[in-house]
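Trainee: Here's a structure for you.
What follows is calculated from the coordinates using simple rules that are stated; it is not laboratory data. Worth saying up front: this structure is predicted, and the values here are computed from it rather than measured. Reconstructed Cβ throughout: ideal geometry from the backbone, glycine too, with neighbour counts over all protein chains shown.
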Amino acid sequence: MQTVGIIGGAGFIGSYVTRKFLSEGYDVRVPVRDLTKKERYDHLDQLENAVYHLDIVEMDVQDETALRDFLSGCDIVVHSGTPFQLAVEDPQRDLLDPPIRGTENFLKLAGEIPSLKKVVFVGSVASLNTAYPLPVPNRPADHVYTEADEPHHDADDHPYAQAKYYADQVVRQFVKTHPDLGFEVVSVYPTFVTGQSLSGRDDSSSMEMQYLFKNRLAPNPFVEMMFAKNVEFAMVSVVMWPRAFSGPRPPPGCTAGTTCSPTEATPYWTSR
Amino acid sequence: MLNGQKPVGAARTVYSNAAATLNLGMQFQPVHVLLSEYAG
Ligand SMILES: NC(=O)c1ccc[n+]([C@@H]2O[C@H](COP(=O)([O-])OP(=O)(O)OC[C@H]3O[C@@H](n4cnc5c(N)ncnc54)[C@H](OP(=O)(O)O)[C@@H]3O)[C@@H](O)[C@H]2O)c1
C-alpha cells in the first residue's frame, strides 16, 4: 500500500484531495498545524476509509524536524499547505514566509526520502501573474496565458500573490538545478477554486469570497476592485447562482445587507 | 447557465489548461455541469 502525505490536507482544497486518495485505497497522512484545534480537521474522520487509513499529525512546514518526520516513508506528497488569506497582520510572517521557506525546506528534505516518487505542488494562477485577477499589464486583452509565458511579478501586488510567485520560482529553480531527481515534480496552478466545503471551517478564503460575492460586499479595495473591474468569474456566480451561497459566515466586520467600506488609508491586505 | 439563460458575454479562455490535459491526462468538465451539480 502506498503512503501519500497531503500538506494542507484539512484545508478547503486539500480535504477533497484527502477524500480522493482515501477512496482510492491509499494510506493518507495529513498534517495540521495545531492538533488541539480539532474543529479544523475532524471532518476528515467521516471520510470513507479514514478509520484505518488516515493518520493526522502535527506539523508546520517551517519546522524542519517535524517536516522530515512527516515526509519519511511517503511515496507521494501533495503540497497544498499555504495560507490562503487576503487580510493578515504581518504579510511577511503570515503570507510570504510559510510558502517560501516551507517550499525551500520541503525540497531540501525531499532528496533525503528514498521512498518518495512523486511530488505535486499546488501553485496558483498568482504564481504566473501576481496581478491576477487582472491581466498582465501591457499584454494584449485577448492573450491566452500558457506555460510558455514568463511569469509576471510586481512588488506592488498582493503579498499572497507574491508568495505564490516566489514559492513557484523556488520549485522551478530547484528542478532546473537538479536534473537527476529521484522523484517526479508536478506543479498545478488553479485559478479560483470554490464550491461546497467538506468542512465547517470558517477560515477558508474560498468560502469567505463566496459570501462577499453573494452579498456584494467589498470590505477592502481588493474585492472592491473585483466589482469595479467587473471580474466576470465572480459576477456570473453572484447573479445567476444565488442558491449556492448559503452557509459561510460573514468575514469580520461585514454583515449581510450592509456595505463594508474599505479604508483607503490602510493597505488592503492588513487585518480588517 | 443555472438560470437557464445564455451568458451575456462571449466565453473565452484566459488561462489555458491544455498542458494539464496533455501532460497529466486530465479531463475537465464544462463549468455548467459542476454548477448544476452543486446547486442541484
Ligand atoms: N482556493 C483557491 O481559490 C486557490 C486558488 C489557487 C491556488 N490555491 C492554493 O491551494 C492551496 C490550498 O488552498 P485552500 O483554498 O484549500 O486554502 P485553505 O482552506 O486556507 O487551506 C490551507 C491549508 O494549508 C495549511 N497550512 C497553512 N500554512 C501552513 C504551514 N505553515 N504548514 C503546514 N500547513 C500549512 C493549513 O493547515 P491547517 O489545516 O493546520 O490550518 C490548511 O490546511 C494553497 O496552496 C493555495 O495557495 C487556492
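Trainee: Partner chain Cβ atoms within 10 Å, averaged over the residues of A:188-197 - can you pull that number for me?
Mentor: So the per-residue partner count for this stretch is 2.
Trainee: Taking amide hydrogens as modeled 1.01 Å from N in the peptide plane, which residues meet the under 5 Å criterion relative to residue A:218, leaving out close sequence neighbours?
Mentor: So residue A:218 has HN proximity to A:260.
Trainee: Can you list residues from other chains, or at least 5 along the same chain, whose modelled amide H is less than 5 Å from the amide H of residue A:57?
Mentor: Here the answer is A:30, A:32, since their amide H atoms fall under 5 Å of that of residue A:57.
Trainee: Still on this structure, I have one more. Could you tell me the calculated FRET efficiency between residue A:196 and residue A:65, based on Cβ-Cβ distance and R0 = 35 angstrom, to the nearest 0.05?
Mentor: 0.45
Trainee: Within 10 Å of each Cβ of A:116-126, how many other protein chain Cβ atoms are there on average?
Mentor: Per-residue shielding by partner chains comes out at 0.
Trainee: Which of the residue pairs A:118/A:214; A:20/A:118; A:37/A:118; A:37/A:117; A:108/A:164; A:37/A:176 have a Cα-Cα distance greater than 28 Å in the structure shown?
Mentor: A:118/A:214; A:37/A:118; A:37/A:117; A:37/A:176
Trainee: Next question. Can you give me the long-range amide H partners of residue A:185? Hydrogens built in the peptide plane at 1.01 Å from N, cutoff under 5 Å, separation of 5 or more residues or another chain.
Mentor: A:119
Trainee: Expressed as a whole number of Å, what is the distance separating the alpha-carbon centroids of region A:119-187 and region A:1-45?
Mentor: 26
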